[in-house]
Each structure stands twice: as structure tokens, then as C-alpha cells.
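Here's the structure we're looking at; comments come further down.
The values are calculated or read from the model by the stated rules, or taken from the named source; none is laboratory data. Since the structure is predicted, the reported quantities are computational estimates derived from the model, not experimental observations. In this analysis, Cβ positions are derived from the backbone assuming ideal geometry, glycine residues included, and neighbour counts consider all displayed protein chains. Ligands, DNA and RNA are stripped out before the accessible areas are found, and what is left, the full protein with its side chains, is counted by its heavy atoms. Shrake-Rupley method; radii C 1.70, N 1.55, O 1.52, S 1.80 Å.
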Amino acid sequence: MSEPGGEGWGQSGNPTSVFAYEGHQGPEEGGMKNEGEMRKGEEEGQGKEEDEDYDSPPERQIVVGICSMMKKSKSKPMTQIMERLCKFEYITVVIFPEEVILNEPVDKWPLCDCLVSFHSKGFPLDKAVEYANLRNPLLINDLNMQYYIQDRREVYRILQEEGIDLPRYAVLTRDPDRPEECNLVEGEDHVEVNGEVFPKPFVEKPVCAEDHNVYIYYPTSAGGGSQRLFRKIGSRSSVYSPESCVRKTGSYIYEEFMPTDGTDVKVYTVGPDYAHAEARKSPALDGKVERDSEGKEIRYPVMLTAMEKLVARKVCLAFKQTVCGFDLLRANGHSFVCDVNGFSFVKNSMKYYDDCAKVLGNMVMRELAPQFHIPWSIPMEAEDIPIVPTTSGTMMELRCVIAIIRHGDRTPKQKMKMEVRHPLFFELFDKYGGYKSGKLKLKKPKQLQEVLDIARLLLAELGQHTDCEIEEKKGKLEQLKTVLEMYGHFSGINRKVQLTYLPNGQPKASSEEEEGPKEGPSLLLVLKWGGELTPAGRVQAEELGRAFRCMYPGGQGDYAGFPGCGLLRLHSTYRHDLKIYASDEGRVQMTAAAFAKGLLALEGELTPILVQMVKSANMNGMLDSDSESLTDCQQRVKARLHEIMQKDQDFTEADYQKLAPTGSPSLVNSMKIIGNPVRTCDQVYTLIQRLTSQIRKRLEDPKSADLQLYHSETLELMLQRWSKLERDFRNKSGRYDISKIPDIYDCVKYDTQHNATLGLEDTLELFRLSRALADIVIPQEYGINKPEKMDIAQAYCLPLMKKIQLDLQRTHEDEAVNKLHPLYSRGVMSPGRHVRTRLYFTSESHVHSLLSIFRYGGLLDEVKDQQWKQAMDYLSAVSELNYMTQIVIMLYEDNNKDPGSEERFHVELHFSPGVKSCEDEENVPLGFGFRPASAENQEKQTNQGSLEDLSQDEPDRALPLSELISIRRSPMIRNRKTGSMEVLSETSPGSSKGASYRLFPSCSRQSPEIKPTGLGFEGCSMVPSIYPLETLHNSLSLKQVDEFLNAVCEDSSDAHAKTMKALSVLFDTSSQGYGQAHTYPPPKALSSSETPVRPPTHPLCLSSGPPSTVSSAGPSSPTSVNPSNPAIHFSFSE
């Protein structure tokens, strides 16, 4: 594999061979040969072959013949795959014309070295068998077995012999002349076949596999009748019939009906080691074929389990069909094969076309290249075994990737708090079990409707009697009503109500309440709305997913471009154990789905991906945070922050000590910008007033009254957003509510990013000042000094830390027993061998907390470890953990080290602060790149056609400019499916210590062809890029990390137990059966402020530099989806 283009490819990567349809002749067709020329050339080639010296370039090509009915050989999938197959330098494809197949004797058929031939309606299989016997080509799909595939009885017999699970079945064979003589007894709700009883519902299938008239009979308790399935006609694949009696003529298989969840899984193998699986709506459901906007049947991406992968392998080998489709039913925790279809391709999947051509081409070359003396090296089995160079130059196997990722760009989050005491609220709290934990979250439409009904009722009563006993504030009730009435319908994605029980009412808040607190218990009602993932956020997540593939072996070089890609190959060849978890916030779940779409090159809508691929981890606070249940420590920290930020004087030296005891440069910088916090808040307040008055003026102008802003917002809604902040930021006494700073920054960041075309004045100044304030308030809310930071972080992150520890332990324990050497395990039935990937999508609070634990938990000593010191300096210069912030842990195994040795497992820690902000370019803190080479190995060079071709361990050679790969940025949406390769790495000349490469593109330079405009998606937005991953440390041992996590978790458990004890005393209501301590989730918090990856498109130059391209999965299609994800709950066994 010396060329980046891969084995057997032309130097340019372009197709060097042809594929001939009948009628294509002569040089004007770009050198396509007709069969006569082809045959003549071959015969000459065979004559010369013996005389030629082994080393001379071979004249002849390996000819792959396609022998099938024209409808099949000219279908889109076949065309796509054969075009790709032709890119192998020594392969030519010739298509047998249908009239030749049907009318000519087989000795007149074109010659070929490898035959792809398969039966379909009207195809003369006997002649194909005769041809194969005559010419003896390499057969991709065995022809004799295709007779068996046409008979369902034979298919079931073979499956049974292979020990593959089938539904329970019986065969009823009828003599066509005496159909009444058969072993069938029919009852009202069952049939008895050969003494075996099948209660309804059961399935009746004709024994001939070409007959698609399969009937399902229903029991009378469900209304009786039958569903009649048939080959798709238009948008129907079945109809319901009132007929309840079985058919009386013909032979059938009767089998029990398997209760799936309404989806069938279709599996497509290409050889025993590759399978692509997708689910579609079961035709038995209602017979309506689900089609997308382009009229194609909707199919969902599916992950096969290890056992299903083994089944795919068995089916492929048992039927001797390299390219083979079969159907799986998933029911009752098992998978059953219910049909084997023989030769079939996936439709409309570029990734599959790439992979299929790759696998077939390699198979043909492996079998035939030696006998034709074609200089072709068998590709390294690294396509199955993820072996990569580590940064210290040794070869190790990638075993586990764990990433914690913040969600993408969202609309501004808004919330309103009010204390309520009306009995109706307490009844609602009780109805949904709020007393069990003292907290309640209402998201369902029915629940939100009940809250709205209460608000309307109280407002109506207030309207009639002003002096009545309703303590709720009228203004807040009106706001509650207005927000719940927005959009005209409910969706848990964009609104929720939280109720928290306060046994003694709410303590007086200095900034708001003037009168003293009331006696007795009350409920704190928090209404939240907004915070939806934007189209830009969706694109960011998808592009990051696509870029993430580069972290896996084969993400560069051969697999990066065409065909396929390391991770995708790993994934489809069963070597990838992937689980994606998300908190239950809509924006987090949609980010996870969009990321999965990019990572696995999936196509289509996000909802099915979400339902199939993303697990909801909202059981135990692992990824969710509830800002209403702050720890004592966090309450104290917030109070101190408020106090320091309320001083009407410039920050003194003492303030710097109080507010930035860790000496973080990003904090110190922000404090210098602010100077006097109250004066800065005055400026911010004035700027907000100016902003709202500008928006009001716009609203009065008839031209802009109906202006549509980004993501369907109106000027009216924008004004509401800012007016509320104006009201809440400064209270009647003139004091500022510091807790509103993140919201102000959030809003101004959103508007400068997405609504810049409005041309509102002073927004950039407001952005600058509010950002400086937010850069202090947000990170410091998670603790001011180190002990506080650790205390708060542990309260948020304990379940997540335990899960990460488990992920790392599981990986090496899984494989410790009788492990074969990686190079020999291929082809062995060990579907369990894999790279484990665990992705956790969450909000800002968890990312801040997890980073605090790594920074302040004592993982390494900065004094003794130079690399860690540099990493800590870099982290303290990062001012914001923006949208799509990533913390990535990678585990490698060195197979040359003793299994018990501490050096056997090697851990790396990487980090990216996420999306770039509007004006970051000048003062970006620079890290040391992704996986920089370590100093002691500067001489070593490795080249394994994998990710680390990126760093090539040549630290001292700064690349000449001509060799830098340029990255072209485009506006966010591509209107067509690009077949382009996307460059996803950029080189960074680095410091004198050496060049390392950026894994992900780090800047949004516009290409010369693209004029920078403010316009993008929805008329007014561009998608900013994401910072590249920076390596924090690349030589940790697993033992070190494990001991560190152990210590942190134990530490945290002690503190947690104390908190629980205090809480159980507070809710000592055991007489009512409430308040058991263990029902409290650990205290958690909400993300406060966040910004928006423009997709990299075609590279400007690909001539040199490390090969690092990835194929694109087509355009992103932002759609507004409501993820009603059935919570697939997380358990530690996962």
C-alpha cells in the first residue's frame, strides 16, 4: 500500500480501467472496449503471458464479468459499485448483454476471469452454470446454491443445519393433483400442520421463494382476518383482508409470528467479514411504505450485535454467496433469520458502495493477481486490526475511545422562577409523585396543559377579586401563561416546568424580595423554555462526527478517501463496539444523533438515528444536571461571587486573590477588561436598553415588522427576550443580579452569530463586555478555589467518573483471556474482538466539572511533569468551554509487553474548547497539537497508513508552505450530494520543538472563490469552525488513571454520604412513606452559556502532505425533529 490511493489503483487515483456496456465502442467512448476487442486482447494476452518476464508490466487486465438480467446489471447500485471497482488499476468490468445471455450459446459469451452472476426473474441459471463449468472463472456467488435459495424449504433446512435460530415452523407439501390430501387441520384460532399446532397469529409462506404472497393470520380476539404481503407496488407492501381461513391450494411453510417492534432488519454481506444492516418499517404493520422527500423507502441505520454478526458470517459461508442479503427478526431478546435472498445490494448508501467495491476488488486481486503475475501486495490486515503508532513511536493497538462532548449551538435558554403556595400546585406536585424526592420535572404535553390550566384559573380569579387569597404574583402568572401558550402546541423539547418543595418557604433573596418571607411550606416553580439545537448546531455535530473518524486507524491514507474509511470499515466489519449516551435534554439528544450521523456516514433524518443509536442516560444524574439542587458549597460560592461583583470600585489586589486564587490568565485578563464591576454592569445595562429601543423602532417600521430572524424567531420574540433581561438584570434598588450575566452573554452571542444582518448598533461592544463578565461568573460558579472546584465537580460527575472507570477496566478485562495475536485472529470466529467507543453527550456543567477533576484532582504533579505543566497552562488560558467542547480519553494496548506489565496499557488525554467564538482569532491560546511526538523519540519514524501518519514523528522538520494542506471553507449547506473527499486535518508548523498536526481543522479561512457574506443558512448565519483537539498528556499508564479515578470517586462518596444524610433529615417524612434517602439523585447543574463547524469541502490541493481525507456522507439536512426517544435506560453493565 505504498500509494495513498491504495492497492491496485492508478497513480492519480482515477479509474484506469473501463467497463463495457454493449454498444459502447471505439476511442470516442474514452477507450471503452466492445466484447470483440476485449476477447481478442485477452487471447493475445494469454499467448504472450508465458514468454514475458515476471517483472515487466502486465499487458492484460483481470476481467470481471457481470452476468445477470439487464434490469439488475444496469441498476444504480451495480453501476455505482462497478464504477468504483474499475478504479483498481488491473481490473476491467464487462457486462454481458441480456440478448447474448438469453439467445447465444455459452461458448459465444464474453470471456472473464471472475464472474458475478445471480438469478432473478427470467434468468437462465442453467446456462450460467454451464458457462462456469466451461470457463472456470472465480465465482463471487456460487451458482449451484442459487437453486436452493429459490426454495424456502431448502433455505430453512440449511439454516437449521448451521445452527442458526429460526422461528418455529412446519412444512405443508401438497400434491397439486390432490390438494385436499394433506396434513392440515384448521381450527378457529389455530392450525395444526403435521401434528404441530400454530396458534394465531401465524405466518403462511409459499415454498417458492419467488412468490412474495406471504399471509399473516390474526386471532379473533384481535379482530381476526389476515394481512396479505406482496412485492412493493407504489407505496403499498400489504393489505388487510377480512379472510381468516388459510389457503387451500399450494405448498406452504407455517411459522409462528415473531413480535418485533414494527421493524424488520435487512442485512447485506460482502464476504464473511463485512455486513451492512438497516431497519425498515415492517410491511406487516400497515402496508404503507414510508418514503422520504425523494420518494425512497425510509430505512434506519442499525447496529448488529456480536451474535448477529456471527449469523451474517454463517449465512454468507453456508450459502456460498459473497454478496448476500437476508432478513432478521428481532424478538424477545433474540434474533431469528426468516429469509435469505441471495445476491442483493444496499440502495442509496455511498458508504456501502465504497466498502463493497473495496472488499470485492481486494478479493479478486487476492485470488487472481498471483496467477497473472500482477505485482499486487495483499493489503495489511490493519483494515481489521486497529494497530497504530503511538506518539512515542511504538506500535500499539487502539482499544478504547471515550469522549465527553458538550451539545451544539442552541437558541438562548430562558427561565423564570416563582414561589407558589396555591393548593392546586401542591395537588399537582402530589399527583406526579413529587414528595418522593422533593422535586418534580414536568415535560409531557398533558402535564404542561395542567400547569397552564392552573395559571389561567388563578388569573381569572385575580381578575374578578383583586383582594382574594392568591399569593402568586400576577405578572409572573401572566408570563407563565404566555410562555406555555407559545407555538400553539406543546413539545417537551422546548419547554419544561420544575417544582421543588421548600419546607419553610423561600429564603429572602437580597436582590428581589422586598417584603419578608411567608411562613409554611411552598413550592419553587421554575419555568424553562428555549435552548433548542439550531440548524447550525446540527451541522457542527455532524461535521465533528465526520472529523472524529480520523482518530481511528485508517482514518487517513487509503481509507480516508475512496473507498471507505478506517472507522467505517472497522464498524461494518464488526470490530467496533459503539454506545452513545445523552442526557434527556432535547438539544443534547439531537446533538448526539447528528454526531452519530456524521461519524457513521449515515443518511436521512435524525429521529430514526436517535431512536436506534442514542441511549438516554437520565437514570442517575450521569449526564443530567438539575441546577435547582445546588450543593451547599455552590450556594456559598455564588454568594461570594455576588458580593465581590457588587463593589463599585476597581478590582483591588485582594479581589484578584479572592476571585482568581488559581492565577488563571483567562480570569485575570477578564478582570483587567472589567476594572470596576458595577460600572461595567452599568454599561451593559445601558447597552441592553439601547438594544431594546432599537428593536422597538424596527417593530414600528412597517418594512421590518414581519422580518423573519434566524430559526423562525420574530422581532416580537427577540424583543421579549431582551426586555425580560433588561427587567431582571437590575432590580428596584439598583443592584445587579449577577446570575443573569450568563443569560445576557448567551443572548448577545446568539444575535451576533445569527442575526448580524439586522445591523443593530453596539452589539459587539455588548458582546465584549458581557463576555468578560461571563468569563468570570461562569467558570467561578463551579468553585473559586481548588477545594471548592473539586467539591462541586464531584457532586456533578461522580456517576460519570465511575462509568468512565468501568469503560476503561472493561476493555482490558474483556480480552485478557486466551487472546490470539491480532494478525491471526482474522477469520477466527471471535466477533467479540473490538475497539470500544463510548460517547457521552451532556451540558456545560458536566464538562466544566470533569475538566476540574482532571485539573485539580491530583492526576499528575505539574512540578515533576513538564507535559502536564504545559497542558495546565494551556487550560488556564482557555476562557470558555463553548458548544461542542470535547474531552477525549484514548486507551491503547501494547501487545509486545507482558500482559501483567504496567506498560501494557497506555492512556492519552485530549481536549478541545469547542466552537470558535466571533472574535477569537487574535487571542487564541495555543496548545501543542494533537498527539505531538515525544522528545525522546524524535529520531524514530513510523508509517502505518493510519491516523498517526499525521504526526510521522519528524518533529524538527517544519513543513514548507507548499506542502501545507489548505482547507477550503464553504457556506454551511451543500445543495447537492458531493462525492468529494473532505480534508479534515491541517498541518501546524508548530514551535521550534517540532511540528505536530491538527486533527480537526482549526480555522475558518474563506477560499478565494467564496466571497465572505453575512448570509448563510436561513438567510443570516454562517457556521463557525471547531478548535482542533489538543493533547493534554500522551504517556499515562492505565494503572495511574485507574488509581486516580478510584481516589476521586472514594473521596466524592464520603462527601456525598454527608450531603445525603443532611437531605434525609430535611425531608424526614417517613410516616408518609416518602423521603427515603436513596431516592435523591446526586446534586447537579444547568448549562449557562454557549456558540456555533462549517463543513470543510473540497481541498484546494491534495498533492502532498499527510494523506488525511475522509469521504463525505452528503449534505446535512437540518430538519426540526421532536425526539420522543423511548428512554433506553443506562445500566452499569453497558
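Points to keep in mind about this one:
- Residues in segment 228-267 that are open to solvent by less than 10 Å² (accessible area, probe 1.4 Å), modelled with pLDDT under 90 and closer than 30 Å to Glu181 by Cβ: there are none.
- Some residue of segment 172-187 being in a strand (DSSP E or B), at pLDDT below 95 and of a type in the set (Lys, Arg): yes
- Criterion (outside any helix (DSSP H, G or I), of a type in the set (Asp, Glu) and in contact with a helix residue (DSSP H, G or I) (Cβ under 8 Å, 6 or more places away or on another chain)) met by exactly one of Glu788, Glu761: Glu761
- Test result for Cys316, in contact with a Gly (Cβ under 9 Å, 6 or more places away or on another chain), within 30 Å of Tyr169 (Cα to Cα) and either at pLDDT 80 or above or surrounded by fewer than 20 Cβ atoms within 10 Å (Cβ to Cβ) (or both): yes
- Each residue in segment 268-301 was checked for being under 23 Å from the mean Cα position of the chain (by Cα), of a type outside the set (Ser, Thr, Tyr) and modelled with pLDDT of 75 or more, and 5 pass.
- Residues that are of a type in the set (D, E, K, R), over 45 Å from the mean Cα position of the chain (by Cα) and in a strand (DSSP E or B) within segment 188-215 comprise Glu192, Glu196, listed in sequence order.
- Exclusive hit being part of a strand (DSSP E or B) and either touching a helix residue (DSSP H, G or I) at 6+ places or on another chain (Cβ under 6 Å) or surrounded by fewer than 20 Cβ atoms within 10 Å (Cβ to Cβ) (or both), set Val93, Val100: Val93
- Restricting segment 328-344 to residues that are in contact with a strand residue (DSSP E or B) (Cβ under 7 Å, 6 or more places away or on another chain) and open to solvent by 20 Å² or more (accessible area, probe 1.4 Å) leaves a set whose member that is nearest to Glu308 (Cα to Cα) is Ser335.
Here's the yes/no breakdown for (1) of a type in the set (D, E, K, R); (2) more than 30 Å from Phe198 (Cα to Cα):
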position: Pro97; (1), (2): no, yes
position: Ile101; (1), (2): no, yes
position: Leu115; (1), (2): no, yes
position: Ser120; (1), (2): no, yes
position: Glu130; (1), (2): yes, yes
position: Asn133; (1), (2): no, yes
position: Leu139; (1), (2): no, yes
position: Glu154; (1), (2): yes, no
position: Pro167; (1), (2): no, no
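- In segment 620-648, the residue that is modelled with the highest pLDDT out of those that are under 25 Å from Leu527 (Cβ atoms) and in contact with a His (Cβ under 9 Å, 6 or more places away or on another chain) is Leu623.
- Single residue of Asp737, Asp746, Asp728 found to be open to solvent by 20 Å² or more (accessible area, probe 1.4 Å) and not hydrophobic (A, V, I, L, M, F, W, C): Asp728
- Yes/no for Leu111 being in contact with a Leu (Cβ under 8 Å, 6 or more places away or on another chain) and closer than 26 Å to Ile91 by Cβ: no
- Residues being at pLDDT below 85 and over 9 Å from the mean Cα position of the chain (by Cα) - total across segment 586-601: 2
- Any chance Ser852 is surrounded by fewer than 20 Cβ atoms within 10 Å (Cβ to Cβ), touching a helix residue (DSSP H, G or I) at 6+ places or on another chain (Cβ under 9 Å), not acidic (Asp, Glu) and not in a loop (DSSP other than H, G, I, E, B): no
- When Ile609 is tested against (1) under 12 Å from the mean Cα position of the chain (by Cα); (2) at pLDDT 70 or above, just one condition goes unmet, and that condition is (2).
- Members of segment 658-708 found to be surrounded by fewer than 16 Cβ atoms within 10 Å (Cβ to Cβ) and small (Gly, Ala, Ser), listed by number: Gly663, Gly675, Ser693, Ser704, Ala705
- Unmet criterion (only one of (1) more than 31 Å from the chain's Cα centre (by Cα); (2) over 30 Å from Arg690 (Cβ atoms)) for Leu798: (1)
- Counting the residues of segment 689-728 that are under 38 Å from the mean Cα position of the chain (by Cα) and of a type outside the set (Asp, Glu) gives 17.
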